[in-house]
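Okay, structure first, notes after.
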Amino acid sequence: MYNPPRLIAQESFKKIKTLNEGEKMKVAQNVQELIGKTPLVRLNFASKESGANVIGKCEFMNPSGSVKDRIALGMINAAIGAGKITPETIVIEPTSGNTGIGLASVCAAKGIKLILTMPSSMSIERRKLLAALGAQIELTPAEKGMKGAVERALELAQETKNSFVPQQFENPANPEYHRVTTAVEIWEDLDGKVDVLVAGVGTGGTITGVGEVLKAKNPNLKIYAVEPIDSPVLSGGKPGPHKIQGIGAGFVPKALNTALYDEVIQVKVSDAYEMSRRLGKEEGILVGISAGANIWASKEIGKKYPGKTVVTILCDTGERYLSTELFDLQPS
């Protein structure tokens with residue numbers, strides 16, 4: 001018997017109501033409650049080609065699209081708790097984009113004014129996102145990298161009354177938030193079966209916070225730091241311009257525990273691009289350049305650990321890079 005569309009819709013809603021009867025509705029009270037608890041996903045081509053079980057932590061699923069949502073919330077809450085931020089305080093922070101976007105979201109939700117300094121080499125999507133979230137942006141010379149953005153942020157702080165600079169590169173709340181959230185999530189979701197951690201180093205907070213907790217739980221854990229081959233500072237080389245946005249700040253961050261990792265892996269931007277593109281086209285997951293670097297490093301490192309579980313970070317969404325050469329491709 002034919003049912004008109006309206007009746008079909010009514011029946012569907014009746015079924016939904018029946019299924020939900022007696023269930024408690026789960027609604028976040030604000031965007032901050034949505035940060036973290038990101039899922040893990042098996043990276044199939046990386047697993048197949050390495051022989052290891054390569055797992056990605058889907059940090060692009062945070063509300064503002066990156067792992068930096070975590071430290072934005074952690075640093076702001078810690079500062080409020082310590083009395084360093086009041087309703088009149090102006091937060092000033094240097095950023096390569098993702099921390100700034102996370103801070104812009106958190107500050108918007110809390111009604112805090114935010115000024116960000118950022119290298120002009122960062123993607124246009126990042127600038128537009130920051131503006132859309134209400135942040136004030138000051139671009140610094142691309143050739144000065146993150147060091148130039150840091151210097152300008154500190155200058156602005158000196159010029160601005162009642163200002164606060166979170167200083168993500170040295171703020172202890174950065175790795176601490178990863179200790180109490182990201183690390184715990186990975187350990188619990190994998191039932192403690194973690195053999196290798198691979199993470200790109202930007203501020204150093206992720207690899208430090210996650211690595212310290214996982215290493216304490218599994219002393220046999222191997223940890224690999226990832227950096228751009230064009231700016232091999234962690235390997236003892238000289239800083240230089242590079243295109244892997246989000247890692248390779250050009251200096252060794254104070255937030256980084258340099259005694260923690262076993263080895264540093266250098267990644268070419270072309271290899272990072274290839275991995276990001278492949279993950280999108282072959283597995284339907286759109287990620288950014290630093291995630292591509294992590295995947296390449298995980299795939300190569302995984303060859304040393306057949307059958308073992310290699311965990312890495314899918315740092316941010318690829319939508320943040322659509323204007324860059326990462327996705328400057330002709331449809332195939």
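Every number here is computed from the coordinates shown, using simple stated rules; none is lab data. Owing to the predicted nature of the structure, the values given are computational and were not obtained by experimental measurement. For neighbour counting, all protein chains shown are included, and Cβ atoms are generated from backbone atoms with ideal geometry for every residue, glycine included.
Would you please classify the overall shape of segment 174-273 from the alpha carbon gyration tensor, given that a ≥ b ≥ c denote the square roots of the eigenvalues, rounded means a/c under 1.5, and beyond that prolate means a/b larger than b/c while oblate covers the rest? Prolate shape, in that a/c is at least 1.5 and a/b is the bigger ratio. Given the options Ala28, Ala216, Ala183, state which has the largest fluctuation in a GNM of the chain using a 10 Å cut-off (strictly under) for Cα springs. Between Ala28, Ala216, Ala183, it is Ala28 that shows the largest mean-square fluctuation.
Among (i) 208; (ii) 141; (iii) 185, find the value of volume of the Cα convex hull per residue in Å³ that was calculated from the structure presented, and write down its label. Recomputing volume of the Cα convex hull per residue in Å³ here picks out (iii).
Helix content alone sets the calculated 222 nm mean residue ellipticity of the chain: runs of n ≥ 4 DSSP H residues at -39500 (n - 2.57) each, divided across all residues, give -12000 deg cm²/dmol. For the chain, a Gaussian network of Cα nodes joined below 10 Å ranks Lys222, Lys281, Lys144 by mean-square fluctuation, and the top entry is Lys281. Distances between placed amide hydrogens fall under 5 Å for Gly200 paired with Val226, Ile313, all partners being 5 or more residues away or on another chain. Give me, ordered by chain and number, the residues 5 or more places off Thr140 or on other chains with an amide H under 5 Å from its own placed amide H. Amide H neighbours of Thr140: Met118, Ser120.
DSSP finds beta bridges in the chain, and of those with both partners inside it, around 15 percent are antiparallel. Our coupling estimate for segment 238-253, obtained by passing each phi through the Karplus curve with A = 6.51, B = -1.76, C = 1.60 and θ = phi - 60°, is 8, x, x, x, 7, 10, 8, 4, x, 10, x, 6, x, 8, 8, x Hz, Gly and Pro reported as x.
Springs between Cα atoms under 10 Å define the GNM used for the chain, and in it the highest mean-square fluctuation of Gly205, Gly111, Gly134 occurs at Gly111.
Show which lysines lie in cross-link reach of Lys217 when reach means a straight Cα distance below 21 angstrom and same-chain residues fewer than eight apart are skipped. Excluding near neighbours in sequence, the set is Lys37, Lys57, Lys193, Lys308.
Could you tell me the relative contact order of the chain? Use alpha-carbon pairs under 8 Å, at least six residues apart, and round to a whole percent. Intermediate values should be presented prior to the final figure.
Values: 659 pairs, mean separation 67.2, N = 332.
Relative contact order for the chain comes out at 20 percent.
Projecting the Cα atoms of Gly74, Gly204, Val269 onto the charge dipole of the chain, computed from C-beta unit charges around the Cα centre, puts Gly74 farthest toward the positive end. The phi-based Karplus calculation (6.51 cos²θ - 1.76 cosθ + 1.60; θ = phi - 60°) puts the 3J(HN,Hα) values of segment 50-60 at 9, x, 9, 9, 8, 10, x, 8, 7, 6, 5 Hz, whole numbers, x for Gly and Pro.
Please compute the contact order of segment 273-328 in relative form: average sequence separation of alpha-carbon pairs under 8 Å and at least six residues apart, divided by the residue count, as a percent. Dividing the mean separation by the residue count of segment 273-328 yields 39 percent.
Computed from phi, the 3J(HN,Hα) profile of segment 186-199 under the Karplus parametrisation 6.51, -1.76, 1.60 (θ = phi - 60°) reads 4, 4, 5, 5, 9, 6, x, 8, 10, 9, 9, 10, 10, 8 Hz, with x in place of Gly and Pro.
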